Structures are given as structure tokens and as C-alpha cells.
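Input: a single structure, listed below in C-alpha cells.
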Amino acid sequence: MSTAASTAQRLLRPDLREFGGYRSARSSQASGQVWLNANESAQASSADPGGGLRRYPDPQPAALREALARLYAVAPAQVLATRGSDEGIDLLLRAFCAPGQGAIVTAPPVFGMYAVCARLHGARVVEVPAEDTDAGWRSDLDAMAQAALAAAASLVFVCAPGNPTGEALEPAALAALAARLEGRALVVVDGAYAEYADAAAGADLLAAHDNLVLLRTLSKAHALAAARIGAVLASREIVGLLQRCQAPYPLAQPAVAAALAALQPAALAATAARVAQARAERARLAAALAALPAVRRVYPSQGNFLLVRCAQAQAAYDALLAAGIVVRDMRADPRLADALRISLGTPAENDAVIAALAALRRAA
Ligand SMILES: *Cc1c(COP(=O)(O)O)cnc(C)c1O
């Protein structure tokens, strides 16, 4: 048995050791022509003349798992398809944090779902704030590892690239973090924006670190946010443990069909072209905004958004809104009290952002 296997076993909630999860009608391997085992309707809905929606869907369609495995260069058994990567975060909490006792480590400012899922689960959130440096935001992976060990946290969430910070994280540094916490904690690398980054943690790291978990999603670069399809990439053992905690039929059949279409070669080529354009727009918008008096600072970004500090954030927000442009107001976080997060739009939409902020005068 590898050390890694024992990491997951050691961290699994003791009360779930013998837990098999729900046995759905779909999980039995029977074969037949007349399916009367799941209390489905015998006839199709008038809303679904083809009858494609009459049956419960496959919990983990093999074609989807295989397509995701090809996309991310892992084995199908290392993929758990999820209802968005948000579900992956929730499953990790449920499987590896004892309710009311467990702890996770995060590096704020960061994506809010880690803390939301922890809170709903009664797990403690140990925050190791990222540092705002001249080169951009920097998560302190060393301090995160120390905090995880001190708090006996079972999960360390690293958002790479960082949202909302745009931070770049070196795959080698993530690998070192995983090595340091082997046997002690799972390192969860959320790669929701990995496609937009210069370098991203990938399958090669998974092979070397069985306590590493990668989260990926079709919501951003693949432009399928409404389909709610994400993936957990991890050891077979972790994938199996998470699957036992998952809902019986997490993936709606139309969403699976959309995902399979998006993973065809022509669609993947179109995705690559969109990502290339977004990266070019990111550089263009960052340079244009940085030159405006209304803008104090544009952080370097590896995502499909820019984090921008403004001379007068309220005025900037209002000017954008008056132009019909809605951006993310970050000011609830005291460290981002003058900041907006602006998603990259089409070139024309980005021009409109520049024009709206260019019309603002700098604060005295
Ligand atoms: C958008 C986002 C997600 C959510 O992904 P879904 O697959 O749509 O649930 C996860 N992590 C980060 C950091 C995000 O910004």
C-alpha cells in the first residue's frame, strides 16, 4: 500500500469508513430489455417527445469520464464528474472533515465557496492571508502548511490561478506543498482558470502526489457555466471515496450531452481560440486601464478577469453601471476596499469598460 493511499484513509471521516453511499437502481449491473426497477414513468413526457429524459441518468457516464480523462491527461478512474466544481469542494468537505470538528486552510482574499462549504459543514476555516506585494498577490504556501499541521486541518485549498487575486502559482511550489503535507492533509488545487494561465498544475503532479486533488470545470474556458459540469482529479482511492458521498444522479442528462459536445475536437479547438483571445484581451485591457487616472493599480492576472484598485471605487462602479456594465464589487473585503473585479468581455465590451473609466476624473 502506498503512503498516499493511507493519507486518504487516515483523513477519511471515521464514521464513514463502512459507509457505502446510496445504492441507486442505476448502480446495479443487471441487463435486460424491460426496465422496471427504478419507478420511472412507462411513457415519455409531452415535453420530451423523444423520451430521452424519461430514465434516470447514468451517475458517472463512461463517455463523459473518458472525455474528461483525455482532456486532463489522467486515467478515467482518476476522474469524478461533478455538478460544477462547487460540488467537488462540498464532497471533499463531507468526506474528509468531521462535522463540527474538522478544519480547512485557505488564503484570502479567495473564492468564497471553500469557506461557505466549510461553514455549512461545521468545519473551522483557518485563514492564512495572502500578501499584497509589488509583484502581485502571493499566497504563503509555507505558512499554509504550518497552519494545516498546527490545526490538524485535513484540507488545504489553493486557488491557482487565484480568484480574485489573479495570482500565478508555480506547479513546482504546489508539488512541494503536497510533499510536505503527505500523510497529513490533502492539498486541493482549484484550477477553475487553469486554461488561462501560463502554467498549471496537471496530471504529472497527481502521479507523484497521492494527497493532491485537482479541481477543474467546464464553466469558464469551456463556456458551459449553466451546464454545471466540473471534475475532481485525484487518486482512484480518493475518487472512490468522494463518489460514495455524492448524490445518486448528480449530472442532468442534457448537461452531460452539452459537455460531450464541448469535448469534441472541433469544440476544443474553438475553446483554445477563445482562450487565446481572452489572454490577448487581458494584456490589452490591463495596459489600457493602468494608464487611466481613475485606476490606481491593475494586478497581474492569470485568469479571465482583472483585479483593479480605483482612485474612487464607488465612482468607478457607478460610471460602469451607468454605461450598462456590471462588474464585481470587492469592497466588502477590507483589504480590497477600493477594488473591483472585472471579467474579460468581448473586445467591444472591454472597449466600453475602458471608455467608461476613461471618462472619470482622478480624485483630488
Ligand atoms: C467559478 C469558480 C468555480 C466554480 O466552478 P463551477 O464548476 O461553476 O462550480 C470554482 N472555483 C473558482 C476559483 C471559481 O472562480
Whichever residue in segment 339-364 is free of Cβ contacts under 8 Å to residues at least 60 places away in the same chain and more than 28 Å from A221 (Cα to Cα) and, among such residues, is least open to solvent (accessible area, probe 1.4 Å): A363
Count of residues meeting criterion [in contact with a strand residue (DSSP E or B) (Cβ under 9 Å, 6 or more places away or on another chain), open to solvent by less than 30 Å² (accessible area, probe 1.4 Å) and not aromatic (F, W, Y)] in segment 94-111: 9
Residue within segment 60-76 that is charged (D, E, K, R), over 27 Å from A225 (Cβ atoms) and either open to solvent by less than 80 Å² (accessible area, probe 1.4 Å) or outside the structural domain of L206 (by TED's automatic domain parsing) (or both) present: no
Sole exception among (1) touching a residue at least 12 places away in the same chain (Cβ under 8 Å); (2) in contact with a strand residue (DSSP E or B) (Cβ under 9 Å, 6 or more places away or on another chain) for A290, by number: (1)
Out of V256, V298, sole residue that is of a type in the set (A, V, I, L, M, F, W, C), at pLDDT 95 or above and touching a strand residue (DSSP E or B) at 6+ places or on another chain (Cβ under 6 Å): V298
Check on L224, more than 14 Å from L92 (Cβ to Cβ) and within 16 Å of the ligand (Cβ to nearest atom): yes
Residues of segment 68-93 classified as within 16 Å of the ligand (Cβ to nearest atom) and in contact with a helix residue (DSSP H, G or I) (Cβ under 9 Å, 6 or more places away or on another chain), total: 17
Matching residues in segment 14-59 - criterion: being open to solvent by 30 Å² or more (accessible area, probe 1.4 Å) and of a type in the set (D, E, K, R): D15, R17, E18, R23, R26, E40, R54, R55, D58
Test for L149: is it within 14 Å of the ligand (Cβ to nearest atom) and either without any contact (Cβ under 8 Å) to a residue 12 or more places away in the chain or not assigned by TED's automatic domain parsing to the domain that holds D338 (or both): no
Considering residues of segment 152-174 that are within 19 Å of the chain's Cα centre (by Cα) and either without any contact (Cβ under 8 Å) to a residue 24 or more places away in the chain or farther than 19 Å from Q302 by Cα (or both) only, the residue farthest from the ligand (Cβ to nearest atom): S154
Selection status of A316, part of a helix (DSSP H, G or I), surrounded by 15 or more Cβ atoms within 10 Å (Cβ to Cβ) and touching a residue at least 12 places away in the same chain (Cβ under 8 Å): yes
Entirely in segment 112-161, the strands (runs of 3 or more DSSP E) that have 1 or more residues that are polar (S, T, N, Q): 131-133
Odd one out for Y114, checked against (1) modelled with pLDDT of 95 or more; (2) open to solvent by 20 Å² or more (accessible area, probe 1.4 Å): (2)
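The values are calculated or read from the model by the stated rules, or taken from the named source; none is laboratory data. All values reported here derive from a predicted model rather than from experimental measurement. Cβ coordinates were reconstructed from backbone atoms using ideal geometry, including for glycine residues, and neighbour counts include every protein chain displayed. Side chains are part of the model used for accessible areas, which takes the heavy atoms of the whole protein and leaves out ligands, DNA and RNA. Shrake-Rupley method; radii C 1.70, N 1.55, O 1.52, S 1.80 Å.
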